[in-house]
């Protein structure tokens, strides 16, 4: 999962990471400050905010140490102490605590903290698809511990992204079609795509990073028994038979299966999940049902996490951060209409 992003960023990332407590099981950088996106120059990339996520085994201890080292990063919640900060992190939204608009080594960064346990749960079951969705796309891994459960969950999350995307694509499609579908999973249902994000975001992420996506997904596609992968032609053919789709549906993360059940099973019937998924596998609108199930997961977590962000960032930073997002969306709209 460790992919090259920009030349000379390795030292910068290590310098930034050295400013935080080192008890981290997974640290990665992501976003437009790390990977080039369509319509963004190298100079603009150097001015973009750098986004990080840190997974930690013991959030209370980590926040205790970080409050000692970087107290200014926190909003008014710092006065409540590390236990309350950890409670806000774990009990609300997508189980991530973000500090944003933080100056570091002549750059501005945002970093999210999530417990390793909550991360593994999201990777395996797509409870919120918040951090799991970010990890569907290429990221720059800075730290990855020897935690076997975490490493297996990271691979499982990528396999789930491929499986869900297969169900929403036709029998034959291109690599770009697949990677566009995968990259769009975590944006489906996200209210921020309507009010604060560039509408071309998914396309911008994929088009300049095809090679990164190939590296990330090549082994999974080569080893998957339900797809014919032709990397030289950049084409794929997937099994769209009811039997093939049923096998894919049964391999989906638990939370998505539950959402599909709620969408398809009328109240009072109480059929088991396997029976419902067998019905969906034979439905011509199978892909639409999957899309709706994913959107319902993302919509809920994106709203609650954004509301939590007002408290964790503070009012001034929230207004500043939101205005930057709206400006970015406006610039993207202008590019598209010109």
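Since every read-out is calculated from the coordinates, none of them should be taken as a lab result. Since this is a predicted model, take the numbers as computed values, not measurements. Cβ coordinates were reconstructed from backbone atoms using ideal geometry, including for glycine residues, and neighbour counts include every protein chain displayed.
Quick one: which of 244-253, 97-106, 276-285 comes out on top by average Cβ neighbours within 10 Å, and what's the full order, highest first?
Listed from highest to lowest mean packing, they are 244-253, 97-106, 276-285.
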**Q.** Mean projected area (nm²) of the alpha-carbon convex hull when segment 9-337 is viewed from all directions
**A.** 17.7 nm²
(Q) For a bin width of 5 Å, list the pair-distance distribution of segment 257-296 built from all Cα-Cα distances, rounded to whole %. (A) 5, 27, 37, 22, 9
Q: With just the Cα atoms of segment 236-278, tell me how far they stretch along each of the three principal axes, in Å, largest first.
A: 40, 18, 13
Q. Can you sort 302, 75 so the residue with the fewest Cβ neighbours within 10 Å comes first?
A. 75, 302
(Q) Rg over Rh of segment 122-257, using C-alpha atoms and the Kirkwood radius, what does it come to? (A) 0.95
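Translational D (Stokes-Einstein, µm²/s) of segment 35-130 at 20 °C and 1.002 mPa s when Rh comes from the Kirkwood sum over C-alpha pairs?
Answer from the Stokes-Einstein relation: 146 µm²/s.
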